[in-house]
Every structure is written in structure tokens, then in C-alpha cells.
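Data block below; observations after.
The values are calculated or read from the model by the stated rules, or taken from the named source; none is laboratory data. Since the model is a prediction, treat every value here as computed from it, not as a measurement. Using ideal geometry, Cβ is built from the backbone for each residue, glycine included, and neighbour counts are taken over all protein chains shown. Please note that ligands, DNA and RNA were not included when accessible areas were found on the heavy atoms of the full protein model with its side chains. Shrake-Rupley method; radii C 1.70, N 1.55, O 1.52, S 1.80 Å.
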Amino acid sequence: MLSKRIIPCLDVAHGRVVKGVQFVDIIDAGDPVEAAIKYDEQGADELCFLDIRASHESRDTLYHMVTEVAEHVFMPLTVGGGVKALGDIENLLHAGADKVSINTAALFTPELVKNAAERFGSSTIVVAIDAKRVEDENGGHWECFTHGGRKPTGINAVEWAKKMSDFGAGEILLTSMDADGTKAGYDIPLTRAVADAITANVIASGGVGTLEHMAEGLSAGRADAVLAASIFHFGTFTIRQTKEFLAARGIPVRLA
Amino acid sequence: MKPLEVTLIDYGMGNLLSVRRAMEHCGATVTVTAEVDAILTAPRVVLPGVGAFADGMAELRTLGLDATVRQVAAKGTPLLGICLGMQMLLDESEEFGITDGLGLIPGRVVPVPRISTQGKPQRIPHIGWNELVVPPQGCVDWVGTVLHEVRPNDAVYFVHSFMACPSNPAHRIADCLYGGHPIAAAIGKGNVFGCQFHPEKSGEIGLKVLMSFLSQ
């Protein structure tokens, strides 16, 4: 049986892992290779690296970091942050990434996703969506936002997820900007709405604070994978504790 | 003792770095090449690959390597196809129209079923860690295959939208189940092996698979 995946997410800047609360007070939290090895030993199913300072100058540093990590852990690596063109994807895959996450660039150039899926395969393309609840005359809907949830785009997030799935994205990394940083749990109605609307895999992100939240994201939210950063970084729970909890709830996980 | 040498075919499709690092971790000396002579004289050959079937076959043909891979198989050299590399071992694929494969293992490549045996829609691609099981009418045990050190229910990492259907069930070494449907996870015919999963991304279990191939 296919296992639900537990994915620790590491924010990186200039090739180093950083920790921060709501992108404030960002501190250097160390070596990406050491972090990757730690999560591998705990039984993580894959790793996600997001370059939060993605800039043209820091690209080579990021590629080098991906190569270093890929040399040390034999698990799937997803890398995102500042991916704008097919060449960026090619460079990341060449450096050792298995999957590349496209965020803002997909909103401005949807064809990038289609072209990338055709060229590199759906299996390598993840589209990241930052969604936020907005009120309307029908009670409200979720909208895609950019710039860390500050800029609205007017694009309906569920419809956008469907379009990206149809364009060949293999996975949608779905972050609720309302839930992100709250530790009050994933946005279950949002996760469920996207999971029910698309064929691609759904990774729930944003808001996890307890192991119960993980279980909710996978069961009520119908996500295929859950992503979390702070609860793993700050050592609140290990991946192994998480998986044992989920297994006890009857959720299929890989207990290696 | 024979040194653990392996040659990876570089035809521009796939994450060669990961396969190379995993093989080196197993103690192998790795050569990455597209040169016909180097491939024909190699003690073991890996055909990796990520992407579309037609593109993969076109690249092999452009480099004249389709014939080379067939020669490698014919002379008894251990050959391992990974993911797309495994799918290309078969006769043909239905991905974007019918495309001829290498014809080393009889059968066809078809889409992963979109609906589970319970009638529910399922996710495409099939992504994640799934357990290896013994196929009902397949290979009776894994001794001597690339799964020599692997046990039923060990999990490995998959990411694919198409799957191989060998026409002879005896060529199925291991399956995994997706929505109740069996998917060929490892196939083999004599010295030719294929893994739909990524051994280079499957942690300790994956390294055991590569180690068993290096012992062939």
C-alpha cells in the first residue's frame, strides 16, 4: 500500500539552513547536509528545501548546496525558491534535485508549468500555491497570493490548482497563508477542496502545531503528504514520533 | 575479488548524479559515458532515465545506443534499467501514441490506472513509498535477483505515471499495489533487470538493490 508522506521543509538562505518565525528574526540554523542526515535518520520520506532569499547571485550557492545534500542522503529532494525558467529547473535537476517547485513564476507564466512537465516529466514538477480566504457575495473563496501572502492575484486557488494539475504538475504544495505560523492546524476545508478537485498529488502545508493536525491533514484534508517546518526544526516532535502517532490512527506510513 | 565496476549510460535523460553517488556509496567504481565501446566492454551496465518514453528512445537512437543496449543484453552483461530505463526494456509504450522500445522483455508500457479497484479516482503520478510484494503468478522467490537482500513489504520510492506490463508473468519479480491494482515494481529476464522504483532514492533498501546488482 502507498504510504502517506511526511516531509520536513528546510528554509535556506545563501546555502545555509535558517530558522525564523514568520520570516522575522531569521537565524542561521546550520549546515543543510547535517540537517538532511538528521531527518533521514528519523525516517523522513523526502526533503523539501526552499530558498527564501532566492536571488540571481545566490543561485550557484543553492546548486552547490543541493549537490552536497544529494551526495549524502539517498532520498527524494524537492527544491524551490526563485524558479523562473526552464533553465533554472534544468540546473536544479542537474545539481541533484529530484523535483522542482515553481511558485510565483507559474502565476505570471502558466505555460512554464506545461513546458516543464513536457520536458522534464510531471514527476519532477511541483507547483506551490499560497492561498488565503477572501470574502465574496457567496460567502467566500480561496485566492492565490504572492509575496508571502501580502499581494492578492485575483486567481481562485482551487481553480488554479486544477489548471496546474491539468498542465502536468505532478504535485501541488498547498500552503494556507491564513494558517501559516498559527500552529492551529492545516486549513482543512481548503486542503480538502483542492484534493477533491485535482488528479495531481496534494501536499498540505502551513499551520501544523500538533501531531493531531498531521492526522487531520491526511484524513479529513485528504492530502497525500504533509509538510512541516518548525515543529521538526525546533524539536517539538521527531519524524518517528509523528509516524508512530499516525500509524496508531490507522494512517499508512513507512516505519523504516 | 572482482572489483565492483559499473557503467551508467549517459543519454541526456535523468538524474545520473544520484545513481552515481548511490553506486559509489555501495563501493562501486562508476563510469558515466555515451561511448559505444565503453558500454560494450563494461562488466555491468545501468540504463537510468526520467522523462517521456518517446524522448528517451529518440535520444538513444540519435546516439546509436539502442543497438548497443541490445548487444549488452545479448552478450549476457548484467543490465539494469531504472524507471524510464526499465520501461524502455519492453517492446513498446502507449505514452503519447505508440513508440517502440528496446524489446528486451516482452510486453507493453501502459498508463497507471486512473481509477482504483474500488472505483475511486486515484492520484497521478503514483508518487511515494510503496511496499514490494511477490506477484501472484510471478517470480517465485527473489534469490539471485536484484531483490536478493530485500524482503516482502520493504518499501521503496516510486514516481511515475506509466507502468510496464510484461506479457510473461514469470518476468515480474515484484509488484506494488496502487489502489488495488498490481504495478510491476521489478522485472527481470536472465541478465536483464528493471526497477520501476528509484533504488538510488530508496534509502537503505534501495542501496541493497544496487548492491545486489553489483554482485551480478
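Brief remarks follow.
- Area projected by the alpha carbon convex hull of chain A, averaged over all directions, nm²: 12.7 nm²
- Cut-off 14 Å, label 7 Å out along Cα→Cβ of B:PHE96, residues of region A:91-117 by amide N: A:114-117
- Over region B:5-214, all Cα pairs binned in 10 Å intervals from 0 give whole-percent P(r) values of 9, 39, 39, 12, 1, 0, listed from short to long.
- Apportionment of accessible area to carbon and sulfur, region A:1-146, percent (1.4 Å): 50 percent
- Using a probe of 1.4 Å on the protein chains alone, the accessible area found for B:LEU102 is around 10 Å².
- Estimated buried accessible area (total), pair B and A, 1.4 Å, Å² to nearest 100: 2400 Å²
- Applying both filters, DSSP loop and at most 15 other Cβ atoms within 10 Å, to the chymotrypsin sites (Phe, Trp or Tyr not before Pro) of region A:88-193 eliminates every site.
- Nearest-20 debye value, region A:159-217 charge dipole, Cβ charges on Lys, Arg, Asp, Glu: 60 debye
- Axis angle, to the nearest 10 degrees, between helix B:203-214 and the longest C-alpha principal axis of chain B: 50 degrees.
- Inverse of mean 1/r across different Cα pairs in the protein assembly as shown, Kirkwood, Å: 22.5 Å
- Spin-label model, A:THR67/A:GLU118: points 7 Å from Cα along the beta carbon direction are separated by 3.1 nm.
- Candidate lysines for bridging to A:LYS162, where Cα separation is under 28 Å - those fewer than 8 sequence places away on the same chain excluded: A:LYS4, A:LYS84, A:LYS99, A:LYS114, A:LYS132, A:LYS151, A:LYS183, B:LYS120
- Estimated distance in nm for a label pair at A:LYS38 and A:ILE251, the labels positioned 7 Å out from Cα along Cα-to-Cβ: 2.3 nm
- The calculated FRET efficiency for the pair B:ASP37 and A:THR182, based on their C-beta separation and a Förster distance of 45 Å, comes to about 0.15.
- Mean separation of Cα contacts under 8 Å, 6 or more apart, over the residue count of region B:1-150: relative contact order %: 16 percent
- The share of accessible area on chain B that comes from carbon and sulfur is 54 percent, using a 1.4 angstrom probe.
- Across all C-alpha atoms in region B:154-216, the radius of gyration and Dmax reach 11.7, 34 Å.
- A cut-off of 5 Å between modelled amide H atoms, ignoring neighbours fewer than 5 places along the same chain, links B:MET163 with B:VAL110, B:VAL112.
- Buried on assembly, region A:105-127 (at least 40 Å² less accessible surface than by itself, 1.4 Å probe): A:SER123
- Relative packing of B:21-27, B:153-159, which averages over residues the other C-beta atoms within 10 Å, highest first: B:153-159, B:21-27
- Probing with 1.4 Å while keeping every protein chain in the model, the per residue accessible area of chain B equals 37 Å².
- With Cα atoms, 0 to 90° folded angle of helix B:65-74 axis to chain B main axis: 90 degrees
- Measuring only protein heavy atoms, the 1.4 Å probe finds B:VAL143 accessible over about 100 Å².
- Accessible-area value, A:LYS4, 1.4 Å probe, nucleic acids and ligands omitted, Å²: 50 Å²
- Under 5 Å between amide hydrogens, built in the peptide plane, is the criterion, and for B:ILE105 it picks out B:LEU90, B:ASP91 among residues at least 5 positions away or on other chains.
- Sequence-separation-based contact order of chain A, relative, with Cα cut under 8 Å and 6+ spacing, percent: 17 percent
- Our coupling estimate for region A:125-142, obtained by passing each phi through the Karplus curve with A = 6.51, B = -1.76, C = 1.60 and θ = phi - 60°, is 10, 10, 10, 8, 10, 9, 10, 9, 6, 10, 7, 8, 5, 9, x, x, 8, 9 Hz, Gly and Pro reported as x.
- Of all DSSP beta bridges confined to chain A, the antiparallel ones make up roughly 30%.
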